[in-house]
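Just so it is clear, none of the values below were taken in a lab; they were calculated from the coordinates. Keep in mind that what you see is a predicted model, and the values were worked out from it rather than measured. Note: ideal-geometry Cβ built from the backbone for every residue, glycine included; neighbour counts use all protein chains shown.
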Amino acid sequence: MVGTPRTLQNPFAPRTGPVRGSAVVSDTFRAAQARSDEIEQQMADDPASLRMLTGDRPTGALHIGHYFGSIRNRLRLQDSGAEIWQLIADYQVITDRDVAGDIAGNVRNLLLDNIAAGLDPEKATIFTHSSVPALNQLMLPFLSLVSVAELQRNPTVKDEAKSAGITSIGGLLLTYPVHQAADILFCKANVVPVGRDQLPHLEQTRVVARRFNDRYAPVFPEPGALLSEAPLILGTDGTKMSKSKGNVVELRMTADETAKKLKGAKTDSDRVITYDPEQRPEVANLLTLIALCEGVEPAAVAEEIGDGGGGALKGRLTEAINAELAPLRARRTELEADPGYLQDVLRRGNERANEVAEATLDEVRAAMGMVYL
Ligand code: ATP
Ligand code: MG
């Protein structure tokens with residue numbers, strides 16, 4: 001770890017309170033949730049005022065954590081009429097590993113997964129940030145707005161370093177929340193649908209926008225997170241479901257692969273199924289996934305399963321996930337047959353992203369007095 005003097009608790013995570021079973025939610029998380037509620041209202045009242053940016057790292061194929069944590073909200077925003085920017089964050093792959101692996105294959109996976117899930121390339125701009133030089137140049141003025149100490153405090157950077165098994169944090173990992181600010185602010189996005197793990201980064205973006213506006217001229221909005229009902233889906237090992245961890249149910253898996261994967265999901269030794277997120281997080285996670293697929297309450301699902309035990313729980317979840325993802329999987333197979341189409345989508349997305357990034361960089365330079373000719 002970089003030399004942080006003490007271990008900071010993640011201020012964005014809802015915390016367990018002093019009374020057993022009562023959830024005391026941190027102020028920072030509460031503020032983010034309140035902003036998310038306002039965005040929900042704005043989506044209903046004036047969706048055209050919303051510009052969304054979100055992104056994934058091309059480190060693998062997307063999984064059900066993405067689907068419930070972020071993609072469903074991306075699609076709700078798209079359907080509401082908000083402007084949609086979908087980033088494939090290719091430079092971010094090398095934040096926590098030496099080489100990027102099959103990055104071209106994974107860029108293709110992200111295109112396939114997002115479009116198969118319903119992202120419409122006619123409405124959404126899908127782009128890779130390495131193809132947009134002006135976006136990356138925003139890093140320079142933005143880096144001047146943050147301190148090293150503040151970067152070292154970011155709890156998500158620490159978590160990501162830990163889960164990647166990194167003992168020494170590189171410069172790109174330390175500064176990637178600032179790069180993410182450039183990703184979000186280059187197109188002046190004001191809403192970012194994310195999982196809870198991303199809240200510290202979004203807070204960093206808000207700080208960068210605020211400081212730039214105060215120091216120079218009001219150029220950037222302060223974006224808010226749109227949080228989902230399922231801000232953190234756990235993987236089959238009981239930790240955050242992550243592409244890089246192998247604990248995932250991928251969107252592209254077959255029905256049989258899904259069944260096999262879920263059969264191995266961690267539960268606990270208590271046979272009777274109850275919904276208790278505090279004491280039984282793994283079982284609660286599986287119940288939540290069923291509830292999200294079926295549009296019912298997790299506690300009601302628990303009662304129905306009762307002493308059917310883990311086998312019945314996993315069986316029902318497998319059916320629910322396979323039913324939910326069947327149309328997506330069919331579309332994905334069709335899209336795979338047309339690689340030219342995917343390339344065209346990316347080419348068009350990168351062109352549009354470059355136009356907008358260059359215009360924003362011009363504004364930034366003008367605000368900083370860096371116009372000489
Ligand atoms: P990696 O292991 O390579 O970091 P990842 O699975 O964490 O991959 P990202 O590309 O880092 O995926 O995340 C993309 C988006 O999906 C982010 O908004 C993130 O908050 C959300 N997300 C990722 N995993 C989950 C999860 N388990 N639950 C909810 N949201 C998630
Ligand atoms: Mg991640």
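Structure values in brief
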{"item": "Taking the range 253-336 and dividing mean pair separation by its residue count, relative contact order in percent (alpha carbons under 8 Å, at least six apart)", "result": "33"}
{"item": "With Cα atoms, 0 to 90° folded angle of helix 199-215 axis to the chain main axis", "result": "20"}
{"item": "Charge-dipole axis of the range 253-336 as Lys and Arg at +1 and Asp and Glu at -1 on Cβ define it, positive-most pick from L328, T288, G311", "result": "L328"}
{"item": "Relative contact order of the range 219-373, defined on C-alpha pairs under 8 angstrom at six or more residues apart (%)", "result": "19"}
{"item": "Cβ crowding within 10 Å averaged over residues, with 188-197, 145-154 ranked highest first", "result": "188-197, 145-154"}
{"item": "Relative contact order (%) - criterion: Cα under 8 Å, at least six apart; region: the chain", "result": "21"}
{"item": "Selected from G311, G349, G118 as most flexible by GNM, with the chain as the system and alpha-carbon contacts under 10 Å", "result": "G311"}
{"item": "Peptide ranges 292-303, 120-131 listed from the most packed, as the mean C-beta count within 10 angstrom indicates", "result": "120-131, 292-303"}
{"item": "Segment R30-A326, extension gain: residue separation times 0.36 nm, minus the distance between their alpha carbons", "result": "103.0 nm"}
{"item": "Estimated dipole of the chain in Debye, rounded to 20 [Cβ of Lys and Arg +1, of Asp and Glu -1, Cα centre]", "result": "920"}
{"item": "Local electrostatic count, L342, Cβ distance below 13 Å [Lys/Arg +1, Asp/Glu -1]", "result": "0"}
{"item": "Cβ-Cβ FRET estimate between E122 and V148, R0 fixed at 41 Å, reported to 0.05", "result": "0.40"}
{"item": "Helix 103-117 axis, angle to the chain major axis (alpha carbon atoms, nearest 10°)", "result": "70"}
{"item": "Cut-off 14 Å between beta-carbons: net charge of the residues surrounding V207, Lys and Arg +1, Asp and Glu -1", "result": "+1"}
{"item": "Charged-residue dipole, Cβ positions (Lys, Arg, Asp, Glu), the range 253-336 about Cα centre, Debye nearest 20", "result": "380"}
{"item": "Residue-count net charge about D56 - beta-carbon cut-off 11 Å; Lys, Arg +1, Asp, Glu -1", "result": "+1"}
{"item": "E334 paired with S163, simple spin-label distance in nm, labels 7 Å along Cα-to-beta-carbon", "result": "3.3"}
{"item": "Extension reserve of the E297-R271 stretch, reckoned as 0.36 nm per residue once the Cα distance is removed", "result": "7.3 nm"}
{"item": "Hits among lysines - C-alpha to C-alpha of K158 under 18 Å, sequence gap 8 or more where chains match", "result": "K240, K243, K245"}
